[in-house]
Ligand SMILES: [Zn+2]
């Protein structure tokens, strides 16, 4: 069996035996599951590198059923994220999105890059609204890469360009004009300000700062996060568990 080298971020850990864990990781080649031997031993060098949301360069030995980590070199431990409950929870939410939406056979490099960059940005963020801004940028970009980009400016039924506040159908995944909106239930009102904000930050690359970045406050951030969380949640049959944890925090 061949070995391979890849960059990967740990997203979930399962116990395998007294000393070993299985770690689900998101790599540039997509999701991989690897056995991490001896990580539960107190002196294990691998232990710290196999913690949740650590990015490593790995040497992996391919196995019949499971691959095994031979070597791991930490690329980024996102240290400030690990010591902040909010940052860690949002980081885990992103990890869960990646694990739910990115099954095998997917060109994962673009997603790996935005996942890594967003963890880095969240780690360095110095306020709750900045954390939310980076999470929103990820949510928008992630959906675009998967082909579920959120259309906020044209009615998804008749194609008319929309003005002012609009209604978003969560089930159908798009905005609606007044005439077309009667046929749909489960709609959310999206005020013009929120629509412009999301359109602008969704257009740019993650590292690009926009004048809209400074318009975010906690209320706008949470409103947008909840809207995108619902939109994303409807695009899969699997429940995003971390989204529930984040919901409880907001009450
Ligand atoms: Zn319409």
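Could you check, for the stretch 65-78, whether at least one of its residues is part of a loop (DSSP other than H, G, I, E, B) and within 20 Å of residue 20 (Cβ to Cβ)? Looking for residues that are part of a loop (DSSP other than H, G, I, E, B) and within 20 Å of residue 20 (Cβ to Cβ), one finds at least one in the stretch 65-78, hence yes.
Taking the numbered list (1) part of a loop (DSSP other than H, G, I, E, B); (2) surrounded by 15 or more Cβ atoms within 10 Å (Cβ to Cβ) in turn, residue 26 passes all entries but (1).
Residue-wise test of (1) over 15 Å from residue 134 (Cα atoms); (2) surrounded by 15 or more Cβ atoms within 10 Å (Cβ to Cβ); (3) outside the structural domain of residue 110 (by TED's automatic domain parsing).
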position	(1), (2), (3)
190	yes, yes, no
193	yes, no, no
203	no, no, no
214	no, no, no
218	no, no, no
228	no, yes, no
231	yes, yes, no
237	yes, no, no
240	yes, yes, no
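Being on the phi < 0 side of the Ramachandran plot and either in contact (Cβ under 8 Å) with a residue 60 or more places away in the chain or not in a strand (DSSP E or B) (or both) is not true of residue 58. Take the conditions (1) surrounded by fewer than 16 Cβ atoms within 10 Å (Cβ to Cβ); (2) within 16 Å of the ligand (Cβ to nearest atom); residue 126 misses just one of them, which is (2).
The values are calculated or read from the model by the stated rules, or taken from the named source; none is laboratory data. Note that the structure is predicted; figures quoted are calculated from it, not measured. Backbone-built Cβ (ideal geometry, glycine too); neighbour counts: all protein chains shown.
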